[in-house]
Amino acid sequence: MLGKKKKHRVGRIDTLVGQNTEIVGDVLFTGGLHIDGKVRGNVIAAEGSDSAMTLSENGRVEGEVRVPYIILNGEVQGDVYASEKIELAAQARINGNVYYNLLEMAMGAAVNGSLVHQEEFASKPNPQPGGKADVSAKLQPAD
């Protein structure tokens, strides 16, 4: 039917990074990822997947984010690539460029960089993770 769009649900969480957790290294995943803690590395979804990431108001990523569906309410220090949709909630803070197909931004969200609309991504290929979460990183207590 005309005008009918596929609605993506972000409610499913396969991988959780807790509030008192710090990951040093890249996070490669499929499915749903929720970050309450800190990731010092890139966050990358499997290429061709409909994976989703949620970053809570307590969450922080220091690195590049490449995920089709993203909900941000925390802080990202690096470029963000959302091949499908990105939602920036009121407490979202991004220091880097945002590359998106569909953008929803709440009052109070801040982007210190460029907003770049791209219907088709000509991005670097993403590594393929071995499972739901391939976290080959050193876990440390958060500050």
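What to note about this one:
- Residues that are assigned to a strand (DSSP E or B) and more than 21 Å from residue 68 (Cβ to Cβ), drawn from the range 24-42: 24, 38, 40
- Residues that are surrounded by 12 or more Cβ atoms within 10 Å (Cβ to Cβ) and at pLDDT below 95 within the range 87-130 comprise 118, 121, 123, 126, 127, 128, 129, listed in sequence order.
- Contacts under 6 angstrom Cβ, first residue in the range 38-60 being without any contact (Cβ under 8 Å) to a residue 40 or more places away in the chain and among the polar types (S, T, N, Q), partner part of a strand (DSSP E or B) and surrounded by fewer than 18 Cβ atoms within 10 Å (Cβ to Cβ), 6 or more apart: none
- Here 63, 78, 48 are screened, and the one residue that is at pLDDT below 95 and on the phi > 0 side of the Ramachandran plot is 48.
- Candidates 80, 76 - the one that is without any contact (Cβ under 8 Å) to a residue 24 or more places away in the chain, β-branched (Val, Ile, Thr), crowded, with 19+ Cβ neighbours inside 10 Å and over 17 Å from residue 118 (Cβ atoms): 76
The values are calculated or read from the model by the stated rules, or taken from the named source; none is laboratory data. These numbers were taken from a predicted model, which means no experiment stands behind them. Using ideal geometry, Cβ is built from the backbone for each residue, glycine included, and neighbour counts are taken over all protein chains shown.
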